[in-house]
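Please treat every number below as a calculation from the coordinates, not as lab data. Keep in mind that this is a model prediction, so the values were computed, not measured. Here the Cβ is made from the backbone with ideal geometry for all residues, glycine too, and neighbour counts use every protein chain on show.
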Amino acid sequence: MTLSLRGVTKTIPLGDGRHVDLIRNLDFDLGPGDSVSVVGRSGSGKSSLLNILGLLDQPTSGSVELDGQSLLGLPDRKLSTIRGRHISFIFQQFHLLPRRTALENVWTPLAHIRDREMWRQRRELAAEALARVGLAGKEDAVPETLSGGEQQRVAIARALVHRPRYVLADEPTGALDGETAQNIMDLLLDATRSQRAGLVLVTHDIQYATVTDRQFKLDEGKLVPLVAERSSR
């Protein structure tokens, strides 16, 4: 199952009849097990790209497709179902529920995917997900008692608990110190690859970008391969 953009443009009005194309006539494919990083200056459209891939926003023109079938024009409820079942997000801020245990935080997505069997097994599935990110024994810990790195591990476990096909990560190490950030990045890549989930990583750090299978810079609305950019200098 491939998530694709075809001829996608995202235009933002600036006022006085002016506008800017954050994304311009973009084609992109993300398949099972793919890992892709996107770097770019602030305001270049990286988050807009993730929002379109994650069905949170619609392009000005072009289409978002799942295995060649356009998703645009579907009712919001249908889009929400597809997003909840197949797509997960990881952000710079952990967005954990306060005063809820790690176990409760991790099983939260299972309440939204309309899979009764998964919901019945939520405790076991959440515990397994926490163990995969090295937090076995922390099931009853609340976010306030965890370090930043541990909180991001909980967020990764939450993103992967229902085995999504795609994980979209927006600066997932931005709030962490260097050594912790590297550990989290290694964990994220290992976890998504083990589940054959496609990963799109938005980062400002070239060091982290180079560990994915493909690396791009979003520049003037286009995805430019980093290898091609470096070789042109």
From the backbone phi of the range 136-153, what are the Karplus-calculated ³J(HN,Hα) couplings (6.51 cos²θ - 1.76 cosθ + 1.60, θ = phi - 60°) in whole Hz, Gly and Pro given as x?
4, x, 9, 4, 9, 6, 9, x, 4, 9, 9, 6, x, x, 5, 5, 5, 5
Both in Å, the radius of gyration and Dmax of the C-alpha trace of the range 170-233 are 12.8, 37
Just tell me which aspartates and glutamates come within less than 13 Å, Cα to Cα, of Lys138; anything on the same chain fewer than 8 places away is out.
Glu104, Glu128, Glu150
Lys and Arg at +1, Asp and Glu at -1: add these up for the other residues within a Cβ distance under 14 Å of Arg122 and post the number.
+1
Please identify every one of the GluC sites (Glu not before Pro) in the range 174-233 that sits in a loop by DSSP and has no more than 14 other beta carbons within 10 Å of its own beta carbon.
Glu220
Taking the Cα-to-Cβ direction at Arg214 and at Arg77 and moving 7 Å from each Cα, how far apart do the two end points lie in nm?
3.5
Along Cα→Cβ, 7 Å out, is where each label goes; now give me the distance between the ones at Arg196 and Ala175 in nm to one decimal.
3.3
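Using helices alone, what [θ] at 222 nm do you get for the chain, with -39,500 (n - 2.57) per DSSP H run of 4 or more residues, divided over all residues and rounded to the nearest 500?
Per the formula, -10000 deg cm²/dmol.
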Springs between alpha-carbon pairs under 10 angstrom, Gaussian network model over the chain: which of Pro59, Pro98, Pro143 fluctuates most?
Pro98
Over all directions, how big on average is the projection of the convex hull of the alpha-carbon atoms in the range 84-160, in square nanometres?
4.6
Estimated inter-spin distance, Thr108 and Ile12, nm [label 7 Å along Cα→Cβ]:
2.6
Length gain on complete extension for the stretch Trp119 to Glu139, per 0.36 nm per residue less the alpha carbon to alpha carbon distance?
5.5 nm
I need Ser88, Ser147 ordered by Cβ neighbour count within 10 Å, fewest first.
Ser147, Ser88
Considering only DSSP beta bridges whose two residues both sit in the range 157-233, what percent are antiparallel, to the nearest 5?
45
Per Stokes-Einstein, at 20 °C and 1.002 mPa s, what whole-number D in µm² s⁻¹ belongs to the range 1-103, with the Kirkwood radius over Cα pairs as the hydrodynamic radius?
139
So for each of 4-17, 156-169 I average, over its residues, the number of other beta carbons within 10 Å; can you give me the resulting order with the highest mean first?
156-169, 4-17
Using the per-residue mean of other Cβ atoms lying within 10 Å as a proxy for protection, in what order, highest first, do the peptides 75-81, 42-48 fall?
42-48, 75-81
Ignoring solvent entirely, what values of log10 I(q)/I(0) come out of the Debye formula for the chain at 0.07, 0.08 Å⁻¹ when each Cα is a single scatterer?
-0.23, -0.30
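Calculated FRET efficiency, Asp57 and Val227, Cβ-Cβ r, R0 30 Å, to nearest 0.05?
Once rounded, the FRET efficiency stands at 0.55.
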If amide hydrogens are placed 1.01 Å from N in the peptide plane, which non-local residues have theirs closer than 5 Å to the one on Val167?
Ser88, Gly198, Leu199, Val200
